[in-house]
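Here the structure comes first, spelled out in structure tokens, and everything after it is commentary.
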Amino acid sequence: MPRKSLRSEIKAIISKSPDFVFMPRDFFYLSDRDQVGRALRQLTKEQFLVKIGYGVYVKTRVSAYTGKILPVSNLREIAEITLAKLGVDVFPTRAEIAYNTRQSTQIPTGFVIGVNKRVNRRLSYGDASIKYEKVQQNIH
């Protein structure tokens, strides 16, 4: 029986997976970096995946309102999952802490994520992008 194409293997794995954020390294056990990259680019071109940053791909869905292709989750959740995969801890920002402790009535946008170390990864979709705020996390 002929082997399925790498693109169709990756597509099947993504379809069955409960995860919705993927990185090329998730598929390196199937083939080398170049072939996995080509397969992911093909799936992006087919609008099965959307690329939101360097090496970060997300499952898509069709918007019920506009019919456009969108990521299956919001950008903040995608960013938090991506950062977890990269080994970066996520913490509340100063604005989130101020809002939650009722020191401010300004509602945080959700596009700023508190991190404990430098992050060089730009994550965005459309006009929205994630910014990072370095926070000091007190360990009790």
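General observations
- Applying a DSSP loop filter and a limit of 13 other Cβ atoms within 10 Å to the GluC sites (Glu not before Pro) in the stretch 22-125 leaves Glu46.
- With θ taken as phi - 60° and the Karplus curve 6.51 cos²θ - 1.76 cosθ + 1.60 applied, the whole-hertz 3J(HN,Hα) list for the stretch 14-24 is 5, 4, 7, 6, x, 6, 10, 10, 10, 10, x Hz, x standing for glycine and proline.
- Unit charges at the beta carbon, dipole of the stretch 22-140: most positive-side option, Ile97, Ala39, Val72: Ala39
- Gain on full stretching of the segment that runs from Tyr54 to Ile69 - 0.36 nm per residue minus C-alpha separation: 3.5 nm
- This model, with +1 at the C-beta of Lys and Arg and -1 at the C-beta of Asp and Glu, gives the chain a dipole about its Cα centre of some 360 debye.
- For the stretch 71-129, the fraction of alpha-carbon pairs lying more than 16 Å apart is 49 percent, rounded to a whole number.
- Cross-link pairs beyond the 31 Å C-alpha cut-off, checked among Lys68/Lys117; Lys11/Lys117; Lys16/Lys51; Lys4/Lys59; Lys16/Lys117: Lys68/Lys117; Lys11/Lys117; Lys16/Lys117
- Distant-in-sequence amide contacts of Tyr132, defined by a placed amide H-H separation under 5 Å and a gap of 5 or more residues or a different chain, comprise Ile113.
- Compared with the dominant Cα axis of the chain, that is its longest principal axis, helix 75-85 is turned about 80°.
- Value in Å of the Kirkwood radius, where the stretch 1-92 supplies the Cα pairs that are averaged: 14.0 Å
Every read-out reported here was derived from the displayed coordinates using simple, explicitly stated rules and does not represent laboratory data. Note that the coordinates shown come from a computational prediction; the quantities given were computed from them, not determined experimentally. All Cβ positions, glycine included, derive from the backbone under ideal geometry; neighbour counts span all protein chains shown.
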